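What follows draws every value from the coordinates through simple rules; no lab data is involved. Model, not experiment: these values are computed from the prediction. Here Cβ is always computed from backbone atoms with ideal geometry, including for glycine, and neighbour counts include all displayed protein chains.
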Amino acid sequence: MSLVIPPLASAARRLRAAAASAPFAGATAAALAGLLCLSAPSHAAPVHVTVTVENLAPANGIAFAPLHFGFNSGVFDAFNVGAAATEPIISVAEGGSGSAWQPAFAAADPTATRGTVGGLLLAGATATLKLVVDPLLNPFFTFASMVVPSNDFFIGNDSPTRYRVFDAAGNLAIGAIDQLASDIWDAGSEAFDPDAAAFTGNNGLRTPQNGVVSFNFSELEGFNGRSTGAGYVFTSGLQADTAIYRISFEASAVPEPGSASLVLASLLGLGWVARRRKASAA
Ligand SMILES: [Ca+2]
Ligand SMILES: [Ca+2]
């Protein structure tokens, strides 16, 4: 059995070996080895990410169930336009809970950083969640949230690689994801019926639609005039280009005092060697 040693680690090892055998040059080598180890790209620096969601829809219009999301490697695909919805996305679209979506995501991409942000998000409301993300391991963002009132409407990304929020260097590449009314999906799993819809009826009732996932926001007008669970009378007020939802991202470094002090120690080591050499030459 042989170990494959990456070039930088190998260089660091040779420098450490040199450090053990030669006094002054060795000290320089040890300091350089320390720096090389720190610069080796074996670990992505984790970052703090604040995810903020905002309901931009017109007042007394649509609201949203909690946003289910995950920073991920780009392999979890919960639905496809033109195909029948499966249990994971139905658990978001018909009930808002994501009770099958989250486990399916975890099974498909075990190292994804998943979360849920907000409760019932009414027009004008915002909610935030801060979490730690590895930007190189999980550069993509996937999300899903039920639109209410509806029987099976939701927002979400069809392609798992649609939103790459971190670039190859681990820097934030997208400040926000904006959704318009024309981005709203009908899961095609439950037939339109305000009396059986979340927010205006008995959400426990349902009539199978046996359709496929498709874009659909115009059907929301069918809820106009209905009293909602939040007490207001619903008016859709949506055109295709009406802004309805924004997910924004802010990233900041996670402090790593241990690494910082190692770099400082290495630099101080180099300075000490330089002073010793100057002293010997004098
Ligand atoms: Ca898809
Ligand atoms: Ca439907």
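All C-alpha pair distances within the range 45-165, sorted into 5 Å bins from zero, spread as 2, 12, 21, 24, 21, 13, 6, 1, 0 percent across the bins. Modelled label positions at Arg164 and Thr86, each set 7 Å beyond Cα in the direction of Cβ, lie 2.5 nm from each other. On the basis of the beta-carbon distance and an R0 of 35 Å, Ser252 and Ser182 show a calculated FRET efficiency of 0.55.
Please report the equivalent ellipsoid semi-axes of the range 47-253, computed as sqrt(5 x eigenvalue) of the Cα gyration tensor, largest first, in whole Å. So the equivalent ellipsoid measures 28, 19, 14 Å along its semi-axes.
Considered as an equivalent ellipsoid built on the Cα gyration tensor, the range 95-214 has semi-axes of 29, 16, 14 Å, the largest given first. A crude spin-label estimate for the pair Leu56 and Thr111, with each label 7 Å from Cα along the Cβ direction, gives 3.4 nm. Extension gain for the segment His48 to Val132, taken as residue separation times 0.36 nm less the Cα-Cα distance, is 29.8 nm to one decimal. Counting charges near Ser248 (Lys, Arg +1; Asp, Glu -1) among other residues having Cβ under 10 Å from its Cβ returns a value of -2.
Legend: calculated FRET efficiency, Ala191 to Ala125, from the Cβ-Cβ distance at R0 = 41 Å, rounded to 0.05, equals 0.90. Each label was represented as a point 7 Å from its Cα along the Cα-to-Cβ direction; for Leu205 and Ala173 these points are 4.8 nm apart.
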